[in-house]
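**Q** Take this structure, written in structure tokens, and hold onto it; I'll ask about it next.
The values are calculated or read from the model by the stated rules, or taken from the named source; none is laboratory data. Every value quoted in this text rests on a predicted model; they were computed, and no experiment measured them. Every residue, glycine among them, receives a Cβ derived from its backbone with ideal geometry; neighbour counts consider all protein chains shown. Calculation scope for accessible area: heavy atoms of the full protein, side chains included, ligands and nucleic acids excluded. Shrake-Rupley method; radii C 1.70, N 1.55, O 1.52, S 1.80 Å.
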Amino acid sequence: MRARYGVPLSLTAVGAAGLAYAAGFEVRSFRLRRVTVPVLPRGMRPLRVLQVSDIHMVGGQRKKQRWLQSLAGLRPDFVINTGDNLSDPEGVPETLDALGPLMEFPGAYVFGSNDYYGPKLRNPARYLIEKVQGHHGLNGNAPAVGVVHNPWEELRDAFDAAGWVGLSNTRGRLKLEGIEIALTGLDDPHIKRDRYAEVAGGPESGADLSLAVVHAPYLRSLDAFTADGYPLVLAGHTHGGQLCIPFYGALVTNCDLDTNRVKGLSTHTTDGRTSFLHVSAGCGTNRYTPVRFACPPEATLLTLTAKE
């Protein structure tokens, strides 16, 4: 009997230990990633940009709230929120409480699908199946039916009242002590709300720096931003793969971006032009899959410096 069942029981124990670690520790092991990106004109002082993404707030997540509040101590020049703030229709007050100290700084935001719609229980294996089939979000799958509608308007109104600039298929500007930042954003490509034609044309003249912002880093959006000449694109959505294999990395990105660029700083090239791309692994998870493995929750402090 021992020879027959010893190995399966050992594997079960290892799996249980891994699940306990992923759900009990790593999912709450919040980290700050620091990245330097040389995109500024020569002679311009460095700018510190805090990117928060994929908070997926659920009621009672006090540690996440306190950690997000503590990020205000970094004193960034401005904040970029790349969406998916909610994973609970009742989570707006706690989301705003967590982001309250950050909303004292200049900022801008785009929304993701989970800001608009409540999450649905689904088999995690479907992400692998969709990757093989080339289906992601509504880009090949049937439209969602019977979904819960989140009160995203409350988030929008609070962000706007704080002076944050909404970038859903539009442009905006931030003024920072004599420095003017032009921003171009898209609504979420994951649910086909992106309308690049409405913001096409590339960086604006007269601004000291132009940045592009989108929730889900689908290739069509990255191609458009890069072809138009934006030096840096900020995105989220991928959760860094969420469940990764140590020493290998992510298995999926939940979009058509390759897994080599699932999180962190990389580049994107199209039509002979190259842009920096930063994808945040985010600091939350879907409420129905509250686990992370080999992919800690994060925010990123990007220090923008002069071009080399």
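**Q** Report the gain in length on full extension from L251 to K120: 0.36 nm times residue separation, minus Cα-Cα distance, nm rounded to one decimal. Before the final figure, lay out each step's value.
**A** On the way: separation 131, 0.36 × 131 = 47.16 nm, distance 2.12 nm.
Gain on stretching L251 to K120: 45.0 nm.
**Q** Note the direction-averaged projected area, equal to a quarter of the hull surface, for the Cα convex hull of segment 32-306, in nm².
**A** If I average the Cα hull's projected area over directions, I get 13.9 nm².
**Q** Return the whole-Å distance between the Cα centroid of segment 237-308 and the Cα centroid of segment 51-74.
**A** Cα centres, segment 237-308 to segment 51-74: 18 Å.
**Q** If I build a Gaussian network model for the chain, linking alpha-carbon pairs within less than 10 angstrom, which residue out of L121, L50, L232 has the largest mean-square fluctuation?
**A** L121
**Q** Shifting gears a bit: Could you list the residues of segment 222-249 with an amide nitrogen less than 18 Å from a label point located 7 Å from the Cα of R42 in the Cα-to-C-beta direction?
**A** Under 18 Å, as judged by backbone N against the label point of R42, lies no residue of segment 222-249.
**Q** Follow-up. Which FRET efficiency value, to the nearest 0.05, is calculated for Q133 and T170 with the Förster distance at 30 angstrom and r the Cβ-Cβ distance?
**A** That gives a FRET efficiency of 0.35.
**Q** With the chain treated as a Gaussian network of Cα nodes joined by springs under 10 Å, which of V279, V213, V199 yields the largest mean-square fluctuation?
**A** Greatest mean-square fluctuation among the candidates belongs to V199.
**Q** According to a simple spin-label model (label point 7 Å from Cα along Cα-to-Cβ), what is the distance in nm between A200 and R28?
**A** 4.9
**Q** For segment 32-306, which whole-number percentage of the solvent-accessible area (1.4 Å probe, protein heavy atoms only) is attributable to carbon and sulfur atoms?
**A** Answer for segment 32-306 is 52 percent, counting heavy atoms of protein chains only.
**Q** If you build a Gaussian network model of the chain, linking Cα atoms that sit under 10 Å apart, which residue out of L102, L86, L174 swings the most?
**A** For the chain, modelled as a Gaussian network with Cα springs under 10 Å, the answer is L174.
**Q** Determine the per residue accessible area of the chain with all protein chains present and a 1.4 angstrom probe, expressed in square angstrom.
**A** 45
**Q** If you take the beta carbon distance between T269 and R66 as r and set R0 to 41 Å, what does 1/(1 + (r/R0)^6) give as a FRET efficiency, to the nearest 0.05? Write out the running numbers ahead of the final one.
**A** Details: r = 40 Å, r/R0 = 0.98.
In this case the efficiency is close to 0.55.
**Q** So which of K63/K131; K63/K263; K192/K263; K64/K175; K64/K131 end up more than 26 Å apart by C-alpha?
**A** K63/K131; K64/K175; K64/K131
**Q** Would you mind telling me the antiparallel percentage of the DSSP bridges in segment 32-306, rounded to 5?
**A** The answer is about 40 percent antiparallel.
**Q** If only Cα atoms are counted, what is the Rg of segment 154-255, and what is its Dmax, in Å?
**A** 15.4, 46
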